[in-house]
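For reference, the structure discussed in these notes is given below.
The values are calculated or read from the model by the stated rules, or taken from the named source; none is laboratory data. Source: prediction; values computed, not measured. Note: ideal-geometry Cβ built from the backbone for every residue, glycine included; neighbour counts use all protein chains shown. Keep in mind that these areas ignore ligands, DNA and RNA; they rest on the heavy atoms of the full protein, side chains included. Shrake-Rupley method; radii C 1.70, N 1.55, O 1.52, S 1.80 Å.
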Amino acid sequence: MKILVAVKRVIDYNAKVRVKADNTDVDLNNTKMAINPFCEIAVEEAIRLKEAGSASEVIVVSIGPKACQEQIRTALALGADRGIQVETADYPESLNVAKLLAQVVRDEQPGLIIMGKQAIDSDNNQTGQMLSALLDMPQGTFASEVKLEGDKAQVTREVDGGLQTLSLNLPAIITTDLRLNEPRFASLPNIMKAKRKPLAVTSPETLGVELKQHSTLLKVTPPTERSAGILVNSVDELVEKLKNEAKVL
Amino acid sequence: MSTYTPPLQDANFVLDQLIGIDQLCEELQLEDINTELASVIIEEAGKLASEVLAPLNAVGDANGATVANGQVTETAGFADAYEQFIANGWATLTGPEQFGGQNLPNVLGTAVNELWHSSNMAFALCPMLSQGAVEALIAHGSDALKEQYLPPLISGEWTGTMNLTEPNAGSDLAAVAAKAVPSGDHYKISGQKIFITWGDHQMTSNVVHLVLARLPDAPAGVKGISLFIVPKYRLDEQGQPSELNDVSCISLEHKMGIHGSPTCVMSFGDNDGAVGYLVGEKNKGLRYMFTMMNHARQTVGLQGLSISERAYQQALQYSQERFQGTHRDGSKIAIIEHPDVRRMLMAMKAGNEAMRALAFSAAADIDRAHNGDDSAKKRVELYTPIVKGWMTELAQELTSLNIQVHGGMGFIEETGAAQHYRDARILPIYEGTTGIQALDLIGRKTLFDKGEALKGLHSDIEETINALKASDNQSLSGFTAQLENALQRATEAGNWILDNTAEDPRLMGNVSFDNLMMMGYLVGGWLMARSALLASQQDSDNSAYSSAFLEGKIATASFYAEHYLPRVNQHADTVLTGLKSTFSLDIEQLQGA
């Protein structure tokens with residue numbers, strides 16, 4: 001069985017996010033970029049399933065300009081087998097991503113698709129769900145545990161009320177939550193091997209997908225700066241301020 | 001506890017721009033090794049360094065290794081970290097492919113080693129010593145010894161040690177007294193060795209000791225010392241560790257720093273004699289040790305950079321969190337806004353970047369020298385005492401500045417600034433003291449070839465000065481003049497040394513330290529100037545480096561020129577006096593009254 005993992009190139013979670021002076025977007029010029037942390041968890045889970053003998057091949061897909069090959073190489077260095085880059089001029093919005101991925105899935109016929117529940121840049125949390133609808137496949141989102149049993153995947157999900165366990169018919173789509181696993185560090189031999197692993201480049205045209213713009217980014221503003229705190233003398237004063245100044249009670 | 005962030009951008013800049021690693025790897029015929037791969041390797045190593053090793057640094061300081069019944073137990077947590085370190089293949093980086101190594105260039109190994117030593121120097125000493133043992137075996141071991149010992153040492157499955165020093169044989173190894181008596185296909189080794197770094201631990205299934213000892217018929221002095229390999233556990237017929245050899249750690253030293261690194265008193269042959277095997281030929285042990293000297297000394301120099309980088313990061317963080325003083329509008333002033341604190345931070349940053357440029361350049365020249373490049377070999381010889389001597393001395397100042405930035409809190413152990421200062425203090429001592437480096441530089445590396453290598457370096461610096469003058473970038477003009485002046489003074493002092501000290505060992509000794517420090521500040525200034533020139537030539541719209549980084553490079557070079565280059569002149573002045581008063585008092589007068 002093949003596992004297909006989607007990874008997104010995003011700003012490194014350690015990097016400080018700057019907003020462009022004209023408020024049109026986040027300034028990514030010379031900012032450190034990395035695999036989206038949830039996607040990295042997806043890669044780790046796929047590799048673990050392969051190591052456990054449940055999968056034969058792990059394919060990593062990323063969509064974006066050539067630079068996103070770095071993130072594919074990182075996933076290959078973690079242990080994935082081959083990569084596919086769908087070359088686009090920019091980073092398309094979720095529905096376009098889902099349509100592109102759907103076509104890659106039709107071509108590759110994986111038994112399982114694992115992806116991050118959301119990307120830390122746009123925080124949409126929708127691509128996996130859209131992909132599930134487009135492919136008419138079952139979905140297990142926010143997974144904190146995944147077990148494969150025959151032609152079924154048992155997925156434990158982190159929901160508001162606690163944990164929910166689903167049994168999905170394969171092929172299925174799983175999106176990862178933070179606690180699914182702790183991704184490994186790339187090993188030196190795997191970094192060396194990664195540069196020789198195949199990385200195919202395709203395009204929306206080749207995949208027969210027309211990219212459509214469904215939404216427009218109007219403006220980006222940084223969060224307001226936190227002003228200095230004050231010391232209160234009593235609980236009563238705190239309650240009074242919360243009621244009358246902060247108006248949160 | 002201080003966190004550690006690998007300085008990826010500067011490491012990449014030095015490798016890519018200053019060294020030209022793409023071209024270097026072509027010269028070395030290493031296919032597919034390039035800037036891009038190097039940056040991935042450094043980044044991935046950086047993750048292990050910052051997330052696994054760095055948090056254990058303070059743990060090792062507070063809970064050093066312990067010894068009981070001849071066996072050392074390392075700091076809790078180190079064994080798991082070591083397991084991860086070798087499972088991820090980091091020990092194999094520069095080892096030859098034939099024995100399981102990745103055959104990557106020394107310069108890349110150096111860039112990665114910087115991260116290990118920054119994150120946890122006490123821990124990193126263990127793989128560092130293994131690497132020394134590997135090199136000794138590659139250069140001098142028989143095929144049989146190589147096949148048996150190299151694969152597990154390169155993978156890190158076993159670790160290696162260097163057993164040189166004895167109570168009466170420190171800097172003077174001619175006094176080595178440990179004995180080796182032939183016994184069938186092996187030797188029985190006996191004697192006591194001290195200051196043995198990572199001489200024992202429980203992290204691996206074997207520890208391989210390289211031991212200097214004398215054969216019964218050996219001539220006296222340095223020409224009678226042989227090198228032996230003595231495993232902690234003897235090997236069975238399958239080459240697997242079996243029964244315990246007659247080797248034990250009889251005590252651990254109580255040190256002022258690097259507490260996480262067990263410094264052992266080792267005893268060989270207390271019972272039936274420790275089984276050992278001769279490495280190479282009889283009586284050539286000391287010569288073999290010298291073949292590894294350049295690399296070992298450069299690695300200690302690198303530790304000077306590593307620990308200063310960690311200290312800088314801590315100072316930088318604290319200076320933004322600590323508020324002292326009030327602005328007119330009532331808001332508090334972070335101490336980083338105070339000029340004297342800013343001066344200290346810049347001194348650390350400029351010193352570190354100069355050291356990184358020098359350490360990586362010297363490491364690249366080791367690669368070229370191994371590849372048969374004779375001029376690089378001469379340059380390595382010249383650089384080695386500067387890397388070891390100057391960088392470890394500068395580390396004393398920079399780790400002390402970190403304490404100063406912290407003020408009173410710096411003097412409090414819990415802050416963690418003191419650890420870096422204490423850890424750094426061994427660096428100008430082990431692997432040849434600063435005094436030894438200074439004599440090596442002035443004697444073997446300057447007078448011996450009548451200043452040929454030195455003049456080669458001077459002319460390279462001259463070339464950079466000319467390139468700086470030809471540049472139309474205004475921001476470079478200030479330090480061009482300062483570098484030109486420093487070179488002129490250093491040349492004057494160098495010529496004085498060549499003319500006056502060749503026949504006068506005492507005069508040579510008097511000025512050797514100032515000559516060493518002068519050369520360090522000069523070479524550092526030259527490499528910072530070259531870096532700034534390269535930064536100024538980048539097309540900022542289309543560069544792999546941010547404009548903030550490129551501007552920072554030029555500004556940091558300017559600070560170096562203002563702050564450190566005048567020290568070249570000062571040391572040159574001292575050299576030119578001959579420091580003739582050094583022996584003007586006899587010992588009784590020194591005792592005063």
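Please specify each residue of segment B:4-43 satisfying the condition of being without any contact (Cβ under 8 Å) to a residue 24 or more places away in the chain, out of contact with any Cys (no Cβ under 7 Å at 6 or more places or on another chain) and not acidic (D, E).
B:G20, B:Q23, B:Q29, B:T35, B:L37, B:V40
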Go through segment B:445-464 residue by residue and tally those that are in contact (Cβ under 8 Å) with a residue 60 or more places away in the chain and either in contact with an Asp or Glu (Cβ under 8 Å, 6 or more places away or on another chain) or crowded, with 17+ Cβ neighbours inside 10 Å (or both). 8
Here are the criteria: (1) touching a Pro at 6+ places or on another chain (Cβ under 6 Å); (2) within 14 Å of chain B (Cβ to nearest Cβ); (3) assigned to a strand (DSSP E or B). Tell me which single one A:E44 does not satisfy. (3)
Could you tell me which residue of segment B:89-108 is farthest from the other protein chains (Cβ to nearest Cβ), considering only residues that are under 10 Å from B:P151 (Cα atoms) and of a type in the set (S, T, N, Q)? B:Q98
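What is the residue count in segment A:60-113 for residues that are more than 21 Å from A:D25 (Cα to Cα) and of a type outside the set (K, R)?
The number of residues fulfilling the criteria is 34.
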So which of B:E381, B:E393, B:E431 is open to solvent by 30 Å² or more (accessible area, probe 1.4 Å), closer than 22 Å to B:R489 by Cβ and under 16 Å from the mean Cα position of the chain (by Cα)? B:E393
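Against the definition (under 28 Å from A:Q139 (Cβ atoms), open to solvent by less than 10 Å² (accessible area, probe 1.4 Å), away from chain B (no Cβ under 14 Å) and at pLDDT 95 or above), how does A:V97 come out, yes or no?
No.
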Restricting to segment A:65-104, count the residues that are touching a helix residue (DSSP H, G or I) at 6+ places or on another chain (Cβ under 7 Å) and farther than 19 Å from A:P204 by Cα. 7
Reported set for segment B:320-340 where residues are at positive phi and away from every other protein chain (no Cβ under 13 Å) is B:G325
How many residues does segment A:103-139 contain that are open to solvent by 40 Å² or more (accessible area, probe 1.4 Å), assigned to a helix (DSSP H, G or I) and touching a Lys or Arg at 6+ places or on another chain (Cβ under 7 Å)? 1
Mind checking which residues of segment A:166-192 are assigned to a strand (DSSP E or B), crowded, with 19+ Cβ neighbours inside 10 Å and of a type in the set (S, T, N, Q)? A:T175, A:T176
Against the condition within 14 Å of chain B (Cβ to nearest Cβ) and either open to solvent by 50 Å² or more (accessible area, probe 1.4 Å) or over 30 Å from B:N88 (Cβ atoms) (or both), how does A:R157 come out, does it pass? no
Would you mind stating whether A:I114 is in contact with a helix residue (DSSP H, G or I) (Cβ under 7 Å, 6 or more places away or on another chain), away from chain B (no Cβ under 14 Å) and within 20 Å of A:K32 (Cβ to Cβ)? no
If you take the residues of segment A:193-243 that are acidic (D, E) and open to solvent by 70 Å² or more (accessible area, probe 1.4 Å), which of them is farthest from A:S122 (Cα to Cα)? A:D236
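Only one residue in A:G53, A:G79 is on the phi > 0 side of the Ramachandran plot and more than 14 Å from chain B (Cβ to nearest Cβ). Which one?
On the way: A:G79 fails: more than 14 Å from chain B (Cβ to nearest Cβ).
None of the others qualify; the one that does is A:G53.
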Test each condition in (1) open to solvent by less than 50 Å² (accessible area, probe 1.4 Å); (2) in contact (Cβ under 8 Å) with a residue 12 or more places away in the chain; (3) out of contact with any Leu (no Cβ under 7 Å at 6 or more places or on another chain) for B:Q538 and report the one that comes out false. (3)
Going through segment B:7-25 one residue at a time, which ones are away from every other protein chain (no Cβ under 11 Å) and either polar (S, T, N, Q) or part of a loop (DSSP other than H, G, I, E, B) (or both)? B:P7, B:N12, B:Q17, B:G20, B:Q23
Just the residues that are aliphatic (A, V, I, L, M) and buried (at least 23 other Cβ atoms within 10 Å of the Cβ), please, taken from segment A:27-46. A:I35, A:I41, A:A42, A:V43, A:A46
Please work out which residue is most open to solvent (accessible area, probe 1.4 Å), limiting yourself to segment B:541-556 and to residues that are within 14 Å of another protein chain (Cβ to nearest Cβ) and of a type in the set (S, T, Y). B:S547
I need a count of the residues in segment B:83-107 that are over 15 Å from A:P189 (Cβ atoms) and either of a type in the set (D, E, K, R) or open to solvent by less than 10 Å² (accessible area, probe 1.4 Å) (or both). 3
If I go through segment B:237-265 residue by residue, how many of them are farther than 23 Å from B:G141 by Cα, of a type in the set (A, V, I, L, M, F, W, C), part of a strand (DSSP E or B) and open to solvent by less than 60 Å² (accessible area, probe 1.4 Å)? 4
Scanning for something touching a Ser or Thr at 6+ places or on another chain (Cβ under 8 Å) and within 12 Å of chain A (Cβ to nearest Cβ), does segment B:64-77 turn up at least one residue? no
I want to confirm something. Restricting to segment B:33-56 and keeping residues that are more than 9 Å from chain A (Cβ to nearest Cβ) and open to solvent by less than 10 Å² (accessible area, probe 1.4 Å), which single residue is nearest to B:H201 (Cα to Cα)? B:L53
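Could you please give the count of residues in segment B:273-285 that are open to solvent by 20 Å² or more (accessible area, probe 1.4 Å) and of a type outside the set (D, E)?
Here is the first cut: in segment B:273-285, the residues open to solvent by 20 Å² or more (accessible area, probe 1.4 Å) are B:277-278, B:280-284.
When the remaining residues are screened for being of a type outside the set (D, E), the result is B:277-278, B:280, B:282-284.
Final tally of qualifying residues: 6.
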Being within 14 Å of chain A (Cβ to nearest Cβ) and either of a type in the set (F, W, Y) or under 25 Å from B:G301 (Cβ atoms) (or both) is the requirement here; does B:Y521 meet it? no
